[in-house]
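Have a look at the structure below before the remarks.
The values are calculated or read from the model by the stated rules, or taken from the named source; none is laboratory data. Everything numeric here is computed off the predicted structure, so don't read it as measured data. Here Cβ is always computed from backbone atoms with ideal geometry, including for glycine, and neighbour counts include all displayed protein chains.
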């Protein structure tokens, strides 16, 4: 019954997600204004009545996003204390308690070893759990971030009056008045506007402000409709009036919010690896425990002792220190990445970044600088590149450039943002500008290339009239008064400027505009546009004082002054330039086998030009295509993507190495991520806007921008780039691969000591010898001496070929693989076990018990009533004397494991490289090895250790018994790695190279 209800709930969730993934099915953007207003039962001049608005508010609910259910803090704590590997440690602790109380109940007394182990394991869980909880305490509060974006008030028409209401009080049908600087309070259909521009970056990702009109589009998506503005976007210029067509959860942003919050969280590769490792360890521990139980029963032991053996074997197989090693290692790596401008929010994301196979990167602000910059100018019939090192001195006494600079300064809305009285003047690239991106680029350029900047022209030329830019005419025209004469300054699309000109300026001269100049002008526009630059044309006209005397009353609609026969001045081309480090970073991704896909809301031509510049699309593809080979690159628009079936999208991503998606919507970006994941590619996604949040959450690792990123994207993401630089991702990938290698080394190092910890119990049962090492000493190894070197391996530098390898395939290349287990258990572990037993038998022999006599001696050895047990030389031993000798052997066995584990840590530094080449430059590990030996000395020689840990002081020469085996490990590993390097893909490489 429960399974039925759960499946029904899962199906409802899938249906809801599928509905949210679909494009918005509406016709509000293609209806006529009269038809739309009639359907909404509202008059555009009077607005809704208060009564109607109140009724609609009651029926529709407030204009706000519905917050999702929050996870209780107690649930988060429970997950950290009982989830993942912690559950296995809890099982070990419970079994230890069970062992202690079972023995106490059966025999009336019990050794406290297992009780102390249980308490130590619980303390370990508490420490690592609190540590992980602290790291994750800044968990996502997605909907709260959306709520912060909601404007507080809006200007509306109600009862024929202009009123200012709370945004939450808006309803469908309200007539909203918009001005420059307003944040759009709902999804609105434009009814009328004057020079209206909106910043749609948070919805579509487009980098420049978009012109809005009241014109009705013939076809197309509502997202791309020019007569629509959307909730949470900003009005950057102009004014307008519109009618609310959607509120709250029904807005475009509301759908994005619901889609983001409902998307299931995909488990990270590392969490899947930990779960797999838990299954392996659990199955192995249970198998060995049952095997030992059967063997114990078969050899005549009672069932109580056999159960105690079973529990002891299971506990001994639990690698208690790995949970702390993983947590601390990941935290150290996250700290190291933070110093390289990568802030890690989810610890497991550190490793996920290392196995990334695809990066779906936004363009604006990630690959580019998110700052429009003038790159080329064309005047006097010639094109010039604007260099970052240029100053006004380069253009001084240049009449041609002065003409261009004058029009670019005057026909420009952008102004420097006002500063506080005592505020120091920041550098030019840090100064804030009020105005759209294109005008801001021109203003910034004038500040550098003109002495005194744009103000040097503006203070002398008084603005009289302005015709603002609109999408129909595609030009802006101003009238300025200078020394009693009027000047028309004209800026617009290059083709519109050219068609209105009859003359052209060459320095101080004015010439007729002939075909040669037109051809040069058009060709320059074509070259610059293909380069991904936005081109603007400039012209002017000095009006005659006779026709237009000072004081003339100019009118804009219709213009009562000439806008034909203008003088062509030139062109200025600007672009959002790529970040300098990006091309090299993309090249490194190629070398590492990582596919970089650009996903942007910008125009396809602009996207392709930037993709070529940074190396996402390579130039040699044109040559390949000319020879008849299939092209590797492809540019796909949102319209084309809308018609692609999921299978076709998968095929497209699989077949093409160089892909650019342009004009994409938030849902389409999510579909691209899902396609990559269907192909079993670990996918990283970058984004900075609210529109990116569904894809950021769905991705295996979401990467948000720290500077330009919205609060929403930062909350959803796993990783935040503090410098917004794509190149930092490559640094993160290298760190991710490094931590995976080092985690493997740590686990190989930790697992190797399990063999000498388990085999004494096997010998204890099968051979009947006194127990070679006790559980307390095992605990000292797992939670003491092994811990620091295991963590210190996280500091090991990466091997030289780490960024030349193909991405790890999580389905095949596991953290704990068969080859790693073979090396740890089948080779290094066996050598370590030999070292332990050799030390044990030597210590026993020195005290009179030769190996042959020890066989089958356990029953009499452990009997407290036998106080006259003879050794090989006839000397009698009391029970207390035998126990002191046994605990001394435990200590010696423990020390021998410590000695060989030092060698194991050294060989685990690399997987293929020679230790001689890698060197011992990891001083954290070097210190850890010294600390490991120091802890062993404390265990042996510290006062009262015979009471606390039941360990006893050793003779100095007994410390040397494990050294030959440590040397064997070093020599064997060096020879194995040498053979692997000499014979790649040979048997030793395939079976032992983990």
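Where in the stretch 806-894 are the helices (runs of 4 or more DSSP H), entirely inside, with at least 2 residues that are crowded, with 17+ Cβ neighbours inside 10 Å?
818-823, 829-846, 858-861
Inside the stretch 127-158, can you point out the residues that are in contact with a helix residue (DSSP H, G or I) (Cβ under 7 Å, 6 or more places away or on another chain) and modelled with pLDDT of 90 or more?
158
Does residue 56 fit the bill of being assigned to a helix (DSSP H, G or I), farther than 30 Å from residue 121 by Cβ and at pLDDT 65 or above?
yes
I'd like to know if the stretch 239-251 contains one or more residues that are surrounded by fewer than 20 Cβ atoms within 10 Å (Cβ to Cβ) and under 30 Å from residue 492 (Cβ atoms).
Yes, that holds for at least one residue.
Given the residues 352, 356, which is the only one that is outside any helix (DSSP H, G or I), in the same structural domain as residue 675 (by the TED database), crowded, with 21+ Cβ neighbours inside 10 Å and in contact with a strand residue (DSSP E or B) (Cβ under 6 Å, 6 or more places away or on another chain)?
Exactly one of 352, 356 is outside any helix (DSSP H, G or I), in the same structural domain as residue 675 (by the TED database), crowded, with 21+ Cβ neighbours inside 10 Å and in contact with a strand residue (DSSP E or B) (Cβ under 6 Å, 6 or more places away or on another chain), namely 356.
Would you confirm whether or not the stretch 188-211 contains a residue that is assigned to a loop (DSSP other than H, G, I, E, B), closer than 26 Å to residue 708 by Cβ, within 32 Å of the chain's Cα centre (by Cα) and modelled with pLDDT of 85 or more?
No, the stretch 188-211 contains no residue that is assigned to a loop (DSSP other than H, G, I, E, B), closer than 26 Å to residue 708 by Cβ, within 32 Å of the chain's Cα centre (by Cα) and modelled with pLDDT of 85 or more.
For residues that are modelled with pLDDT under 75 and either under 31 Å from the mean Cα position of the chain (by Cα) or part of a strand (DSSP E or B) (or both), tally how many sit in the stretch 212-226.
Summing the residues that are modelled with pLDDT under 75 and either under 31 Å from the mean Cα position of the chain (by Cα) or part of a strand (DSSP E or B) (or both) in the stretch 212-226 gives 1.
From the list 412, 403, 429, 398, pick out the single residue that is surrounded by fewer than 19 Cβ atoms within 10 Å (Cβ to Cβ) and within 27 Å of residue 568 (Cβ to Cβ).
None of the others qualify; the one that does is 398.
Identify all residues within the stretch 762-777 that are at pLDDT 85 or above, buried (at least 18 other Cβ atoms within 10 Å of the Cβ) and not in a loop (DSSP other than H, G, I, E, B); write none if there are none.
763, 764, 777
Looking at (1) in contact with a strand residue (DSSP E or B) (Cβ under 9 Å, 6 or more places away or on another chain); (2) at pLDDT 80 or above, which is the only condition residue 248 fails?
In the conditions (1) in contact with a strand residue (DSSP E or B) (Cβ under 9 Å, 6 or more places away or on another chain); (2) at pLDDT 80 or above, residue 248 misses (1) alone.
Could you list, in sequence order, the residues of the stretch 236-257 that are under 35 Å from the mean Cα position of the chain (by Cα) and under 24 Å from residue 43 (Cα atoms)?
246, 247, 248, 250, 251 - these are the residues of the stretch 236-257 that are under 35 Å from the mean Cα position of the chain (by Cα) and under 24 Å from residue 43 (Cα atoms).
Please identify the pairs in which a residue from the stretch 30-55 that is surrounded by fewer than 14 Cβ atoms within 10 Å (Cβ to Cβ) has its Cβ atom under 8 Å from the Cβ atom of a residue that is in a loop (DSSP other than H, G, I, E, B), counting only partners at least 6 apart or on another chain.
What qualifies is 32/216; 39/31; 41/173; 45/160; 46/159; 46/160; 50/159.
With the structure loaded, tell me whether residue 574 is crowded, with 18+ Cβ neighbours inside 10 Å, in contact with a helix residue (DSSP H, G or I) (Cβ under 8 Å, 6 or more places away or on another chain), under 30 Å from residue 808 (Cα atoms) and modelled with pLDDT of 90 or more or whether it fails that test.
In short, no.
Looking at the stretch 939-967, which of its residues are modelled with pLDDT of 90 or more, in a helix (DSSP H, G or I) and surrounded by 15 or more Cβ atoms within 10 Å (Cβ to Cβ)?
Those that are modelled with pLDDT of 90 or more, in a helix (DSSP H, G or I) and surrounded by 15 or more Cβ atoms within 10 Å (Cβ to Cβ): 939, 940, 958, 959, 961, 962, 963, 965, 966.
Check the stretch 581-601 and report whether any residue there is in contact with a strand residue (DSSP E or B) (Cβ under 7 Å, 6 or more places away or on another chain), buried (at least 21 other Cβ atoms within 10 Å of the Cβ) and assigned to a helix (DSSP H, G or I).
Yes, the stretch 581-601 contains at least one residue that is in contact with a strand residue (DSSP E or B) (Cβ under 7 Å, 6 or more places away or on another chain), buried (at least 21 other Cβ atoms within 10 Å of the Cβ) and assigned to a helix (DSSP H, G or I).
Would you check if residue 961 is closer than 30 Å to residue 840 by Cβ and within 43 Å of the chain's Cα centre (by Cα)?
Judged against the criteria, residue 961 is not a match.
Could you list, ordered by first residue, the pairs with Cβ atoms under 6 Å in which the first is in the stretch 830-841 and free of Cβ contacts under 8 Å to residues at least 24 places away in the same chain and the second is in a helix (DSSP H, G or I), at least 6 apart or interchain?
Hits for this filter: 841/851.
This table checks each residue for (1) outside any helix (DSSP H, G or I); (2) crowded, with 24+ Cβ neighbours inside 10 Å; (3) at pLDDT 80 or above.
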{"position": "260", "(1), (2), (3)": "no, yes, no"}
{"position": "264", "(1), (2), (3)": "yes, no, no"}
{"position": "275", "(1), (2), (3)": "no, no, no"}
{"position": "281", "(1), (2), (3)": "no, no, no"}
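Let's see how each residue does on (1) surrounded by fewer than 20 Cβ atoms within 10 Å (Cβ to Cβ); (2) assigned to a helix (DSSP H, G or I); (3) within 34 Å of the chain's Cα centre (by Cα):
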| position | (1), (2), (3) |
| --- | --- |
| 916 | yes, yes, no |
| 921 | yes, no, yes |
| 927 | yes, yes, yes |
| 932 | no, yes, no |
